[in-house]
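Report on the structure given below.
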Amino acid sequence: MIHEIATITIDPARAAGFEAAVAAARPHFEAARGFVSFALERSIESPERYRLVVGWQSVEAHMVDFRGSDGFQAWRELASPFFVGAVAVEHTIRVS
């Protein structure tokens, strides 16, 4: 299993709307081939910054299967109006 970690910056005054949009988008992730887990974390020190942490069976499950799906388009439609700047995405694997 790998983790997709997306660092997202929003206007903190719009946090409730963003969190509701992510909750509405969650079923699109859960329905995706290769989906494992989902978490949204908000920074305490920088409340405008969130980390979306999604577990996938492989990088391909995220980058090919999900990103090529209608679910990805639905996620972007729901969440992207809240984005301030580009979203930084990386993939990690647990090593210990």
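Helix 15-30 and the longest principal axis of the C-alpha atoms of the chain enclose an angle of approximately 10°. The label point for Gln57 and the one for Ile5, both projected 7 Å from the Cα toward the Cβ, are 2.5 nm apart. The relative contact order of the chain comes to 47 percent, based on Cα pairs under 8 Å that sit 6 or more residues apart.
Would you calculate, for the chain, the mean residue ellipticity at 222 nm contributed by helices, counting each DSSP H stretch of 4 or more residues as -39,500 (n - 2.57) and dividing by all residues, to the nearest 500?
On the way: 2 runs with 26 residues, N = 96.
It lands at -8500 deg cm²/dmol.
In terms of other Cβ atoms within 10 Å, Ile44, Ile8, Ile2 run from fewest to most in the order Ile44, Ile2, Ile8.
In this Cβ point-charge picture (+1 for Lys and Arg, -1 for Asp and Glu), the chain has a dipole of about 60 debye about its Cα centre.
Please report His28, His91, His3, His62 as a ranked list, fewest other C-beta atoms within 10 angstrom at the top and most at the bottom. Walk me through the numbers on the way to the answer.
Values: His28 20, His91 14, His3 17, His62 23.
Exposure proxy ranking, most exposed first: His91, His3, His28, His62.
With a simple spin-label model that places each label point 7 Å from the Cα along the Cα-to-Cβ direction, the separation between Ala31 and Ala74 comes to 0.3 nm.
Just so you know, all these numbers are worked out from the coordinates, no wet-lab data involved. Predicted, not measured: the structure shown is a model, and the values here were computed from it. Note that we place each Cβ from the backbone using ideal geometry, even for glycine, and neighbour counts take in every protein chain shown.
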